[in-house]
Amino acid sequence: TVTSAVFTVGDNVVSGSDDRTVKVWDLKNMRSPIATIRTDSAINRINVCVGQKIIALPHDNRQVRLFDMSGVRLARLPRSSRQ
């Protein structure tokens, strides 16, 4: 089940689902995703920084992981009880 989807610049859509994957789709060719990101938990939200083409994935353990549009992990923001 797809739980969230975000349109990006151009013809791309980023979708997250209950099967713990995030997929980047090209609207012109919806047969297979451009990139697939596997995570540790189900995806409830997605945020995309359009200018820099960065995908932010918040997890249930209060960590945020950053990926680029090709699925490469860029960083992991540590969890903090104050921020």
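The values are calculated or read from the model by the stated rules, or taken from the named source; none is laboratory data. Keep in mind it's a predicted model, so treat the numbers as computed, not measured. Ideal geometry is used to build each Cβ from the backbone, glycine not excepted, and the neighbour counts take in all protein chains shown. These accessible areas exclude ligands, DNA and RNA; they are computed on the full protein's heavy atoms, side chains included. Shrake-Rupley method; radii C 1.70, N 1.55, O 1.52, S 1.80 Å.
Numbers for the structure displayed
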{"read-out": "All positions within region 17-34 that are among the aliphatic types (A, V, I, L, M) and surrounded by 14 or more Cβ atoms within 10 Å (Cβ to Cβ)", "value": "Val22, Val24, Ile34"}
{"read-out": "Those residues of region 35-63 which are open to solvent by less than 100 Å² (accessible area, probe 1.4 Å) and in a loop (DSSP other than H, G, I, E, B), in sequence order", "value": "Thr39, Ser41, Ala42, Ile43, Asn44, Ile46, Val50, Gly51, His59, Asn61, Gln63"}
{"read-out": "Residue that is open to solvent by less than 100 Å² (accessible area, probe 1.4 Å), in contact with a Ser or Thr (Cβ under 7 Å, 6 or more places away or on another chain), of a type in the set (A, V, I, L, M, F, W, C) and assigned to a strand (DSSP E or B), where the choices are Val6, Val14", "value": "Val14"}
{"read-out": "Test: residue in region 63-80 that is touching a Pro at 6+ places or on another chain (Cβ under 8 Å), at negative phi and modelled with pLDDT of 90 or more", "value": "no"}
{"read-out": "Within region 20-34, tally of residues that are more than 21 Å from Arg76 (Cβ to Cβ) and either among the charged types (D, E, K, R) or part of a strand (DSSP E or B) (or both)", "value": "5"}
{"read-out": "Near pairs, Cβ below 6 angstrom, 6+ apart or cross-chain, from region 30-53 (free of Cβ contacts under 8 Å to residues at least 40 places away in the same chain) to any residue that is open to solvent by 90 Å² or more (accessible area, probe 1.4 Å)", "value": "Thr39/Arg20; Ser41/Asp60; Ala42/Arg20"}
